Structures are given as C-alpha cells and as structure tokens.
1. Considering only protein heavy atoms, what is the solvent-accessible area of Tyr187 at a probe of 1.4 Å, reported in Å² to the nearest 10?
2. Just to make sure I understand: if all protein chains stay in place, what is the order of Arg92, Arg58, Arg196 by accessible area at 1.4 Å, largest first?
3. Rounded to a whole number, what is D in µm²/s for the range 13-107 from Stokes-Einstein with the Kirkwood radius over alpha-carbon pairs (10 °C, 1.306 mPa s)?
4. Report, in debye and to the nearest 20, how large the dipole of the range 26-118 comes out about its Cα centre when Lys and Arg carry +1 and Asp and Glu carry -1 on their Cβ.
5. Heads up, I need the accessible area for Cys32: 1.4 angstrom probe, whole protein in place, Å², nearest 10.
6. Ratio of Rg to Rh for the range 74-188, alpha carbon only, Kirkwood?
7. What pairs from Lys135/Lys167; Lys59/Lys170; Lys38/Lys189 go past 22 Å between their alpha carbons?
8. Determine the gain in length on full extension of the stretch Glu151-Thr241; use 0.36 nm per residue of separation and subtract their C-alpha separation, reporting nm with one decimal.
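The values are calculated or read from the model by the stated rules, or taken from the named source; none is laboratory data. Source: prediction; values computed, not measured. Because the Cβ atoms are built from the backbone with ideal geometry, glycine has one as well, and the counts that use them run over all protein chains shown. The area values use the complete protein model at the heavy-atom level, side chains included, leaving out ligands, DNA and RNA. Shrake-Rupley method; radii C 1.70, N 1.55, O 1.52, S 1.80 Å.
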Amino acid sequence: MFPLLLLVYLQSSPIHPLPSSPYTSYTLEQTCGQDGSKQSLHLNTQAAVFTFNSTNRRKLDCHLELHLHSKALGFSVFIETLKIERSSGCSRDFLQFGRDKFVITTHLSEKYCDTIEHSANITNENGALVGYDFKDTSFPRREYIESNDVEMDIWLELQPAQNNQIKEVKLVVAPFRKSCNEEDGEYYKQCPGTSRCFRRELFSAGIVKCAVKTVEESSSGHFISLPLIIILIVVITIIATLVRFRIEMLLSNSENNNTQTLENLKFRNSTNPTACYPPSNQENPPSYDEVVMMEYMENPPKYSELYQLLE
C-alpha cells in the first residue's frame, strides 16, 4: 500500500530539474594536449573557466582554439589569476590571445607574464555585493575582447617550474551578444558603457564583472547608485532654487525701476507744468503794418507809365 501511495505522490508532484551551472570548468593540465597540438572547444553560448594550479615538472605548451556558433556573438576573456615566472619580454612563461585564418595567425595580443592577484568581492554591511577589488591590476588590464571572429586562440607556455614554484592561471571566458534590445532583457543584461550583453546568470555567478560594479543591480536589472541619485537630486534642487531667486530679484528690480520712473515724472510735472510740452521754436506772426509795408515797399507806377500800357 505504501509503495502505491508513494508512486501516486511522485506522479502528481512536479519534477524540478537541478539548475545547470552557467559555466563549464576546464583544468588546463588535462585539456591541453601533451605535445602542444591545438585543442578545439566549442563553447557556443556556454561560459568557460580554465584553471591551472600545479608545479609543472616539464614544459607546458598549450594551444586552445575556442568556437562560437554565431557571428552575432563575441568572446570576453577575463584574467582572474596569473602567477607564472616573470621574465624580460615574457620570453619564458607567457599567456597570449589571438585569432587565425586556417593556419595563418592574423592577430596577436601582447604577452602576459605579470603577476595578477585574484580579485575580491566587496560587500556592504548586509552582505550584499557592491563592487570588486581588482588589487594592483585594473579591469581593462585583465580583459581581452574578441568580436571580429567566431574563433579565438589562447596560448599558454610554461617552462618547468624552478624551486617547486606553484604556478596559477585562471581564465574566465564568456560569450556575449554584440547587441541586445529591451525584448532580450529577461535573459540578457548589457554591460554599462558597452553594447555587449551577457546572460543574466553570469552576473550573479560572478563570471561577468563588467569593469567596476558599484552596487547591486535593482529589480529592473540596471545598476542604480542611491548615493549618486541623492547627490543629483540635491544639486538639481540647489540649482532650481538659485534660478528662482535670480528671477525674483530681476522682477523686483524691474518693478522698482518702473515705480521710480513714474515718481520722477510726477515730480517734474508738478514743478514745471510746461515740461510735458515740447518747446516751440515758432516766432510771433508779423503785424498788419509790417505786412502792408512789405507789400508796398516800392513806389507806385507813374500815370504816364500806366497810360502807355493802356495804349
């Protein structure tokens, strides 16, 4: 009876599959070929973490070729840890990235052999992640981007360890979409300041760090800094108050000037009634005698002259 009830319960209960890891782990000691031959890995959309932590007794000559399935994707490589032998020009141990066409290498990055410490999480008093400490190696120095091809190469060459030195390498490779839109927001998230979009679970897993992350992402999926918002609000409020005060001062000064002008006009009119009329430049008209005199200034014609005119 009990097995029957158990069977009925299992059939009626939904089965939830275990969540899959957002990345695949590879140990370079096993992934790299023994003879330095190229090893091909098809990541497609899956992130990968490559690690090496060993005292190698013999030379390691590792060449990996990573593949993506779409030209809409690119590679983001983050050097999490690098502790190998330092030498001038990285002539002994080195890490290098590049790409090729068939058997011809078309691009090579610089060689890395500097010591890079593992980054550390920065949390607040509640234990929430608010940032990353990249120690003495900045994020841009740790990052390599390949967006021109669906293939990329990784070379790691390590000479036999001296004095039992333990060499450490940790690389995080995450495929990204070269662009995304609002419809992709449910599954993808865009790195601030770039057009690169990564699967959301890679952020929560700490695989993608997107330069310096300063605060936990909000429910909408964007980075929001509350102190920054508060500062912006305060600055905008101060500016608005100053502008309003300036406008009120200008209006007050304008009203005072208009009032003063009217008072001055009233005062001038009361003391000098003719001040409102323009001065007249016209002289008094001439008298009757002056007009008559001007008209008959000459002597009248003689009678003999008039008679000649009549004839």
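1. That residue has around 140 Å² of solvent-accessible surface.
2. Details: Arg92 75, Arg58 160, Arg196 50 Å².
Heavy-atom accessible area, descending, gives Arg58, Arg92, Arg196.
3. On the way: Rh = 16.1 Å.
The diffusion coefficient I find is 99 µm²/s.
4. On the way: 11 positive and 11 negative charges, 40 e Å.
In total the dipole reaches around 180 debye.
5. Per-residue accessible area (Cys32): approximately 10 Å².
6. Working: Rg = 17.2 Å, Rh = 16.5 Å.
My calculation of the ratio gives 1.04.
7. Values: Lys135/Lys167 19 Å; Lys59/Lys170 18 Å; Lys38/Lys189 33 Å.
With Cα atoms farther than 22 Å apart: Lys38/Lys189.
8. Stretched fully, the Glu151-Thr241 segment lengthens by 26.7 nm.
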